[in-house]
Amino acid sequence: MKILVIGSGGREHALAWALYNGGANTVLVNPGNPGTAKIATNMDGDPVEIAVSESVDLVVVGPEAPLVNGIAGQLAEKGIPCFGPSAECARLEGSKWFAKEIMTAAGVPTATGKLFKNQTSAIDYMGEYPDKFVIKADGLAAGKGVYLPTTKKESDGIIGDLFKGSLGEAGASVVIEQRLSGSEVSVLAVCNGTDAVVLPPSRDHKRAYDGDMGPNTGGMGAICPPPDVPFDFGDDVREKVILPVLNVMKEKGMEFRGVLYAGLMITEYGYFVLEFNVRFGDPETQAVLPMVESDLAQLFLFAANGEEMPSVQIREGASACIILASGGYPGSYTKGFKITGANETESLIFHAGTAEKDGSLVTAGGRVIGITALGEDLDEALEKAYIDADRIEFEGRHMRRDIGRTV
Ligand code: AMP
Ligand code: GLY
């Protein structure tokens, strides 16, 4: 099969690697990175034009923005299967309130929430209890639209800023929901519009520093599966979350074909959905895909075409992905530092923010490289991943040392 992967991060490198499948398929990546260039052809330009001119059999979309902007529909017009949902379906990620309405209609456990279109009513609703609520910009905010304030001054400020346009259109409506506490788990489900194949659960570590301290990042590492999650968790989430959502969407005339990512919190009262994404997680994908033994290209093609999907074989054991980030990330950081040791590892190396300069590999982003290792259990996977993480060096390199050790 000839497959076009859209995106340029670690997630897309992992997708390209899994789809390349040791040479079974031809992979193009738009625009790609120096890592994807080793197994695929990187191509700049308009993704739909590339898909047409290269006569690809399938397009797999990494990031949410092209999906929300309707790339699946544009490809459908050209008769090219797209693994990634239509713009209508992508509203499950593009609007927190839309997701909440669908979940309510589907009977999916989620925090109670309310939609606000002006500052006064939002501030009144939260009253004197800022730490009982979470404030969310309704629209897409590149991971920046969720706030967990501790004081009233802080929460009033956040709401004021959102309605003043700090996040633009994304914050023109605000969802305020009940704050839950517990451990977080991500479940990625491959959907064909009516049915779902659930991949093994994973856990991302979003905070910048050890002990879950510091600012939120795109994700500093991931494990699969989290050892505290019950064996049949994925099946349960499929029954209680994914299939009911697919049903409600279908009743409304929307067939979701692509990855539905449920961000869940396991609380003392059971699990709740915190968010949906309509694409693979980053860095969850770098931990989850190496655990899948089956041919993902076939699975994604069947899903994209709305056909019956084969089940997937999952490896025994566990995987761990450690992210090496630029010093200063997620704040400002310097790019262009030489990276050494990336070719001397046994683990899988997934490039994220790297570039080639004068024949050398250099840093070019906040999250630079992900190192994924497999093991008989999580301890072994982590040990191997950290040995290789320590081999790859660049000035300012930062990694968390406790991936897989916190919930
Ligand atoms: P989201 O983008 O909606 O997943 O939110 C980002 C992060 O905010 C999540 O990974 C959680 O850590 C936190 N969060 C979101 N919703 C809630 C909630 N209702 N209660 C507690 N924490 C939440
Ligand atoms: N790792 C979180 C996300 O991809 O949204």
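Values quoted throughout were computed directly from the atomic coordinates according to the rules given, and no laboratory measurement underlies them. Given the structure is predicted, the values throughout are model-derived calculations rather than measurements. In this analysis, Cβ positions are derived from the backbone assuming ideal geometry, glycine residues included, and neighbour counts consider all displayed protein chains.
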Q: List the trypsin sites (Lys or Arg not before Pro) within region 372-407 that fall in a DSSP loop (any state other than H, G, I, E or B) and whose Cβ has at most 10 other Cβ atoms within 10 Å.
A: none
(Q) List the pairs from 164/206; 96/338; 96/164; 100/153; 2/252; 206/335 whose alpha-carbon separation is above 29 Å, in the order I gave them. (A) 96/338; 2/252
Q: Could you please state, rounded to a whole Å, how far the C-alpha centre of region 328-402 is from the C-alpha centre of region 75-91?
A: 33 Å
Q. Roughly how many Å is it from the Cα centre of region 169-242 to that of region 1-49, as a whole number?
A. 25 Å
Q: Express the relative contact order of region 23-180 as a whole percentage, based on alpha carbon pairs under 8 Å and six or more residues apart in sequence.
A: 17 percent
**Q.** Isotropically averaged projected area of region 88-135, using the convex hull of Cα atoms (one quarter of hull area), nm²
**A.** 4.1 nm²
Q. When the helix-only estimate is applied to the chain (DSSP H runs of n ≥ 4, each -39,500 (n - 2.57), divided by the residue count), what is the mean residue ellipticity at 222 nm, nearest 500 deg cm²/dmol?
A. -7000 deg cm²/dmol
Q) PRE reach from residue 183 (point 7 Å along Cα→Cβ): which of region 240-265 fall under 14 Å by backbone N? A) 264-265
Q | Calculated P(r) tail over 17 Å for region 208-274, as whole % of Cα pairs | A | 59 percent
Q: Counting only C-alpha contacts under 8 Å and six or more residues apart, can you give the relative contact order of region 156-287 as a whole percent?
A: 28 percent
(Q) Could you tell me the relative contact order of the chain? Use alpha-carbon pairs under 8 Å, at least six residues apart, and round to a whole percent. (A) 17 percent
Q | Excluding exposed DSSP-loop chymotrypsin sites (Phe, Trp or Tyr not before Pro) (at most 16 other C-beta within 10 Å), longest clean stretch of the chain | A | 1-230
(Q) Can you give me the Kirkwood hydrodynamic radius for region 205-348, using every pair of distinct Cα atoms, in Å to one decimal? (A) 18.0 Å
Q) Please state the Cα pair-distance histogram of region 9-88 with 5 angstrom bins from zero: what percent is in each bin? A) 3, 16, 27, 26, 19, 7, 1, 0
Q) Rounded, prolate or oblate: which one fits region 29-128, using the alpha carbon gyration tensor with axes a ≥ b ≥ c (rounded when a/c is under 1.5, else prolate when a/b beats b/c, else oblate)? A) prolate
Q. How big is the C-alpha Rg of the chain next to the rule-of-thumb value 2.2 N^0.38 Å, as a ratio?
A. 0.95
